[in-house]
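Below is one structure; the comments refer to it alone.
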Amino acid sequence: GAGGWSPLSSDRYQWLEVDLGERTKITAVATQGRYGSSDWLTSYQLMFSDTGHNWKQYRQEDSIGSFPGNSNADSVVQYKLQQPAVARFLRLIPLDWNPAGRIGLRLEAYRCPYTSDVMSFDGGSSLTYRPGPVPRQGSKQVISLKFKTLRNSGTLLHAEGREGSVLSLQLERGKLQLLLRQVNVKCTSSSSEPRRLTSVGSLLDDQHWHLVVLRQRNSQLNLTVDRHTETVQTDEEFSLWDVKLLMVGASQNPDAARKNFQGCLENLMYNGVNVTELAKNNDQQIIGGNVTFSCAEPVHVAVTFPGPHSFLRLPWTMPSASSGMSVGFQFRTWNEAGLLLTFDLPRQGGEVWLYLAEARLRLQIQRGGRALLELSAGSGLNDGQWHSVDLTSRRGRLTVSVDKQETGVAHASPSFPVLVSNQIFFGGCPAEDYNQECKKPHGTFQGCMRLLALDNQPVDLIMVQQRLLGNYSQLQIDMCGIIDRCSPSHCEHGGLCSQTWTVFHCNCSDSGYSGATCHSSAYEQSCEAYKHSGNTSGYFYIDVDGSGPIKPQLVYCNMTDENTWMVLQHNNTELTKVRPSPGEIQHLVQFDYMSEEEQLAAIIHQSEHCQQELSYQCRKSRLLNTQEGSPFSWWLGGPGTGLVQTYWGGAHPGSQQCACGLQGDCVDPSEDAGFISHKESLPVRSLVLGDVQRPGSEAAYRVGSLQCHGDKNFWNAAFFDQETSYLHFPTFHGELSADVSFFFKTTASFGVFLENLGIKDFIRIELSSSTQVVFSFDVGNGPLEVSVESSYPLNDDRWHRVRAERNVKEASLRLDDLPVATQEAPADGHIHLQLNSQLFIGGTASRQRGFRGCIRALQLNGVTLDLEERAEMTPGVRPGCPGHCSSYGSLCQNQGRCVERATGFHCDCSLSAYTGVFCQTEVSADFKSGTSISYAFKELGELSRNGSDLPSSIYSDPLPRGENVSLSFRTTQSPALLLHVGSHFNQYLALLINRHGTDELELRYKLDGGRAAEVLSSSMRGLANGLLHTVTIRRSADSVAMQIDGNAREDFNLSFAGELGSLRSLVLGRVPDSDSLDPDLARLSALGFAGCLSVVRYNSISPLKAALLHPDTSPVVVLGPLVRSNCGSSASANPYSAENTHHLSDQSGSVGSGQPLVNAMKSDSALIGGVIAVAIFVIVTVFAITARFLYRRKETYRSREVKAAKQEESQDFHYNNQTEGRKNASGENAKEFFM
């Protein structure tokens, strides 16, 4: 219609209030500008009230407090309330309006009838309802009601079951708690203490209506407060629970009378029965006590200080000559600090500040910048609860009291009177240029106040609102606008929520997750992922579903050359003898895994292969068929408690056979062992062993750890070869938290990785240029984007990792290991991401700017999308994506060669003097003076006749054109011969430490049999100092370069540039046949070498590696004691430090930084040393009674001993058929899993 509302003044202190006559359900509002004018609102707030006081602001999505208005005076803008508001009064407060006009408005409200049955409880009243014997429909019960109160504690209702269990709904500090007390029906004199099942809601003492619904279905309870629901799973016997008595407003316990409910209840229903209506009609099922059927509400006018410029000034009308003063009020806040009140003392006597600091109440009196008095009282006052404060000064005694408790009182006796000069400020001060009489060195208060009293006289805040008393700025009067941003908490995965008046924070410490809301996992999802971050074997935390609900778990990752094994332990992996109890027919053994059920299931599902060793040794104890055909023994395996399995290790599911049965070699006694690799049967949960009571029967079992390798999710990939090609999936649901992670590689300079659209909302990640990735989205606040710029090209056909996250606090984007980019969410803006289209991968719905290249390991909120399955049926997209060495080849170290695999890569260490998964582990040995390793070069003709598949680190070109020699050593011996290479023509190369008083390194070349050897001496001295030194020597023709450690290279020239050809042998340590050596070298050789040699490499051969790791297949002869050690490692204090020892990762660092959390393996060197000592004793004994032939046999045995040490420590060796070998099936040491 014509006209409209337009106040005299256009400012934010105006409002339009509508009285609807009775409480009604308001579903929508519509606004229009003032007719025929330039006056309209562009935004506004809505308030609702039952009484015309204590207004409540309506918020969308629990955060947005404003509504969009009009853009002209004529169009109608309607807004449908997401949750209808029930109220009698509606108030519209203008926020912004047409700058070319004034505030102008036509308003229409849409409403529906609302039925209300109300009861009032005064703290001493109650109501008891006894349901009749109405048959229950299934096992479902529903109790619903609304309540409002000013007290933060009290019992709402007490439901007693026929079986004795009692459910209670109690308010405690403004939160609604669900308590369960199970009464022992056999002993009625005693009952258990109530157990809290859950807590829902917050700030429920705000004198506004709150909806409560308690639903029970079987053993599940759902408690809803307003729009938030918590689910509780109770014991199975609780499914039979049935209410026999419902007590409202009080508890049956007389000692709890002080906790009776005081307030109003509305529409109390039990299983569809209107209990309030029954009480009104004095139904016989109702026993009432002082309940009234109306809601008398006390009027407590509150005032909200929302911002940094809020303040309230009140005049002090009491005469300054009076004998004292008092100020009282209540406040509630989330902030630790803020000014509560301040005033001046009369006659420039100083200033008084009462303020919060570190959530404690502090009083400070200053004069001329000097503190005259300081008091402190209370603690933890930023908890959102109402706290009362009294400041009094009487007869020379100053008292500050908090909550009228003895522990919250502080006294002082100042030598000067503490009185108010002429005015008092609450919450803050005006700007300094406006009023020089008020200063605020302690910051502005943000929170609510009520019940203000000056000298015991209440302050009428409605008069303040009408500008009839005092003055104020930016206050919200007759309402408390406090919001609990931690209820419900947006902190995920157990993150702890804390808050201030305007924002909340999540503490993610010890949660295993990171980010503003603890959404993203701090750990990788598999051992495979850790390996491809460059990690070696060790303990790691694995989060199998990323940001999903499954918790991280600690596992052992065994990185071998062939596979990356994930090892999950249980409580007994040792060989265990069966000891049945007397009379026991069957012996039951159960295995408890360190991982939870959902963790085990997820790991088995995502792994390409899993296995678990199952072995059984027996004598006179049958394993399988009885006379009836049923087995004597079986085991349970698979999800949950497992299913009965009648096959054994090495056999097939359902075969009811064992390994020896398949091979036909079962004997008594017998040992049957093999691996269970059928994933549906894993893990092994328990064994049931029969036939163990016969006389003379013996049995032992062993169930190894669960071992899995291969990550199907990590290598799930698709190749998009056209700009118009894409994959589509169902809509992505990430309303409050959304994270996307994937790898990509491409040669294109742009392309959309992912897009999902809504009506207005959207989410998109794209390669915007060859050096930039952009994450853009809109949740209703307008488009926002986060971008990361790279200093290197991203279209280099190498894998790059993208991790994007959007939550209610911020959006973040991480590219590879570059610094993360973030974008804060708008304050009090939309928070729900609402999408409805299909999810497009590799392209868009418009088929423009599609991505060309590979996308791998795509996960959304912890769920992997199966790109390969969808690609198989989509034109223009191919499953899989080869070519990983371009990205991961740099992980192969020390001349290791990257070899492509369909899923990943491995490092070929055959050309390296090192070993390990990345060719990173040095091969070292301790030498004694009698130790010798002789490597025999093959003749050219023999090498050409006998082709060999052995790595070239064992056999090499016998006619090198120059030498490349490198090794590390550690010794205190001087002089000492380190290495000697000799030919069939009396040529040689020798590397030694020569004393000459300087312990220098000396290189001797004899390239012409008729000439004397040339001696090249390093300028570095003192090399026999017991420290590790690395030497590199390169010769080409007559030029020789030598470098020691990190010192400058030294260059030499030989007088003769011959070739060191027709090589006969390379010797480390003592030279066995020293007759052909020069006399000086022969004397040195006789001394031998005592110390450490490591990573010895001569051209392309590694003689020390060949002797230690391939003694039976290499042309090496080992004499004397030789023990592999880690003496060549810089961290030699730990024998496995180079491979397996890592430091704890910092969870606050980058997500997926790839650092293991527990030291991996501990050396069992004492056991190895004992074995070697026994072997040496046996060898020496044999040597004393045998001749040369047996002496040679002794050397063969020595080589085998070295091989045994290699099997014990090298990850080149995986499985051993012996019992002890099976104990460490993945190469793990028996002590590795003690944590």
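Some notes on this structure:
- Unique residue being among the β-branched types (Val, Ile, Thr) and surrounded by fewer than 22 Cβ atoms within 10 Å (Cβ to Cβ) when the list is Thr149, Thr115: Thr115
- If only residues of segment 1074-1088 that are more than 60 Å from the chain's Cα centre (by Cα) and among the small types (Gly, Ala, Ser) are counted, the one that is surrounded by the most Cβ atoms within 10 Å (Cβ to Cβ) is Ser1074.
- Failed item, numbered, when Ala371 is tested on (1) within 43 Å of the chain's Cα centre (by Cα); (2) assigned to a strand (DSSP E or B): (1)
- Count - residues of segment 459-483 that are touching a residue at least 60 places away in the same chain (Cβ under 8 Å), in a helix (DSSP H, G or I) and surrounded by fewer than 21 Cβ atoms within 10 Å (Cβ to Cβ): 1
- Qualifying positions in segment 887-908 - assigned to a loop (DSSP other than H, G, I, E, B) and crowded, with 16+ Cβ neighbours inside 10 Å: Cys892, Gln893, Asn894, Gln895, Gly896, Thr903
- Selected residue (only one of Thr560, Thr502, Thr517 is among the β-branched types (Val, Ile, Thr), over 25 Å from Gly904 (Cα atoms) and surrounded by fewer than 22 Cβ atoms within 10 Å (Cβ to Cβ)): Thr502
- Taking segment 774-886 and the strands (runs of 3 or more DSSP E) fully enclosed by it, the elements with 3 or more residues that are outside the structural domain of Glu61 (by TED's automatic domain parsing) and within 29 Å of the chain's Cα centre (by Cα) are at 784-789, 800-806, 810-815, 821-824, 839-841, 853-860.
- Segment 704-751 - residue that is farther than 16 Å from Ile765 by Cα, among the acidic types (Asp, Glu) and part of a loop (DSSP other than H, G, I, E, B) and, of those, farthest from the chain's Cα centre (by Cα): Asp721
- Among (1) closer than 18 Å to Leu211 by Cβ; (2) modelled with pLDDT under 95; (3) under 47 Å from the mean Cα position of the chain (by Cα); (4) of a type outside the set (Lys, Arg) - the single one Ile26 does not satisfy: (2)
- For Ser768: the one exception among (1) within 16 Å of Gln838 (Cα to Cα); (2) in a strand (DSSP E or B): (1)
- Options Ser75, Ser144, Ser71, Ser116: the member that is part of a loop (DSSP other than H, G, I, E, B), of a type outside the set (Asp, Glu) and within 19 Å of Asp226 (Cβ to Cβ): Ser116
- Complete set of residues in segment 1070-1100 that are of a type outside the set (D, E, K, R) and under 13 Å from Val923 (Cβ atoms): Cys1092, Leu1093, Ser1094, Val1095, Val1096
- Unmet criterion (only one of (1) at pLDDT 90 or above; (2) out of contact with any Lys or Arg (no Cβ under 6 Å at 6 or more places or on another chain); (3) closer than 30 Å to Gly534 by Cα) for Ile604: (2)
- From the options Gly65, Gly101, residue that is over 39 Å from the mean Cα position of the chain (by Cα) and in contact (Cβ under 8 Å) with a residue 12 or more places away in the chain: Gly101
- Cβ-Cβ contacts under 8 Å between residues 6 or more apart (or on different chains), taken from a first residue in segment 703-723 that is of a type in the set (Ser, Thr, Tyr) to a second residue that is not in a strand (DSSP E or B), are listed as Ser705/Gln569; Ser705/Thr573; Ser705/Ala1225; Ser705/Ser1226; Ser705/Glu1228; Ser705/Phe1233.
- Taking the criterion of being of a type outside the set (Gly, Ala, Ser) and touching a Lys or Arg at 6+ places or on another chain (Cβ under 6 Å), the only residue of segment 916-936 that qualifies is Val923.
- Here Cys486 meets the list (1) free of Cβ contacts under 8 Å to residues at least 60 places away in the same chain; (2) part of a loop (DSSP other than H, G, I, E, B) almost entirely, failing just condition (1).
The values are calculated or read from the model by the stated rules, or taken from the named source; none is laboratory data. Keep in mind it's a predicted model, so treat the numbers as computed, not measured. So basically every Cβ, Gly included, is an ideal-geometry build from the backbone, and we count neighbours across all protein chains shown.
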